[in-house]
Amino acid sequence: MEGIGGDGPSTAATALIQWKNELLRLFQHCLDKSTPHALYRWIGTFVIMSVYSLRVYYVQGFYIVTCGLGIYILNLLIGFLSPPVDPEMEPSDGPMLPTKGLDEFKPFIRRLPEFKFWYATTKAFCIAFFMTFFSMFDVPVFWPILLCYWIVLFALTMRRQITHMIKYKYIPFNIGKQLSGRNLLVYFLSCVVATYGSFFLVLPFCISS
């Protein structure tokens, strides 16, 4: 009798774990199938960005969440545009980065691959959108200060990145015969979504007052 009664919670926990694992496998399967469809993935992310911007504008709040999200997206963008090894930290004798002067095509290897960049960006917007339904995250702040801080941070960060690219003569895109027009569109759209997605983050600040 004791054994029968004690199997109840254990069976329920096992079923719950199995259901969770099955759900995770299904989610991973969907991610794997979406890997080659980069253009459609970024279009979906752009839609999510638009929905989040409208949500923040509608509730007239959650500016601290929006500012934190903008800083996180900026950090992802820098990882997307940077090589896996910083030449300043680990100098090399041979060419490690693609340049126009190389005779042989050398693809650019990113510190943050495109798929991980897309996944982290989309997940961040979904989490931020979920947070807008809880008033505990709506911290009252003077939004012009946050707006100016983010603009200055974006300008200084991108200036440093562009200076780094000029100094070490590399281009964060695969320019060569292996880059098709569709891939070029995907890379361009990913940068546009990240940059102008940040504009969508700034937009509620500008039109809220």
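The values are calculated or read from the model by the stated rules, or taken from the named source; none is laboratory data. This one's a predicted model, so the numbers in the text were calculated from it and none came from an experiment. Please note: Cβ atoms are built from the backbone with ideal geometry, for glycine as well, and neighbour counts cover all protein chains shown. The accessibility values were calculated without ligands, DNA or RNA, using every heavy atom of the protein model including side chains. Shrake-Rupley method; radii C 1.70, N 1.55, O 1.52, S 1.80 Å.
What are the pairs, 6+ residues apart or on separate chains, where a residue within segment 26-54 that is in a helix (DSSP H, G or I) has its Cβ under 8 Å from a residue that is of a type in the set (D, E, K, R)?
34/41; 38/114; 39/182
Cβ-Cβ below 8 Å, separation at least six or inter-chain, first residue in segment 155-182 and surrounded by 15 or more Cβ atoms within 10 Å (Cβ to Cβ), second charged (D, E, K, R) and modelled with pLDDT of 75 or more: which pairs?
172/110
Run down 107, 98, 84, 91 and say which single residue is under 22 Å from the mean Cα position of the chain (by Cα), modelled with pLDDT under 70 and open to solvent by 10 Å² or more (accessible area, probe 1.4 Å).
107
Restricting segment 131-153 to residues that are part of a helix (DSSP H, G or I) and touching a helix residue (DSSP H, G or I) at 6+ places or on another chain (Cβ under 6 Å), which is farthest from residue 82 (Cα to Cα)?
Once the filter is applied, the top-ranked residue is 137.
I'd like the full set of residues that are open to solvent by 40 Å² or more (accessible area, probe 1.4 Å) and either out of contact with any Phe, Trp or Tyr (no Cβ under 9 Å at 6 or more places or on another chain) or among the hydroxyl-bearing types (Ser, Thr, Tyr) (or both), limited to segment 117-139.
Those that are open to solvent by 40 Å² or more (accessible area, probe 1.4 Å) and either out of contact with any Phe, Trp or Tyr (no Cβ under 9 Å at 6 or more places or on another chain) or among the hydroxyl-bearing types (Ser, Thr, Tyr) (or both): 119, 123, 127, 130, 133, 134, 135, 136.
Can you spot a residue in segment 2-18 that is of a type in the set (S, T, N, Q), surrounded by 16 or more Cβ atoms within 10 Å (Cβ to Cβ), modelled with pLDDT under 90 and assigned to a helix (DSSP H, G or I)?
no
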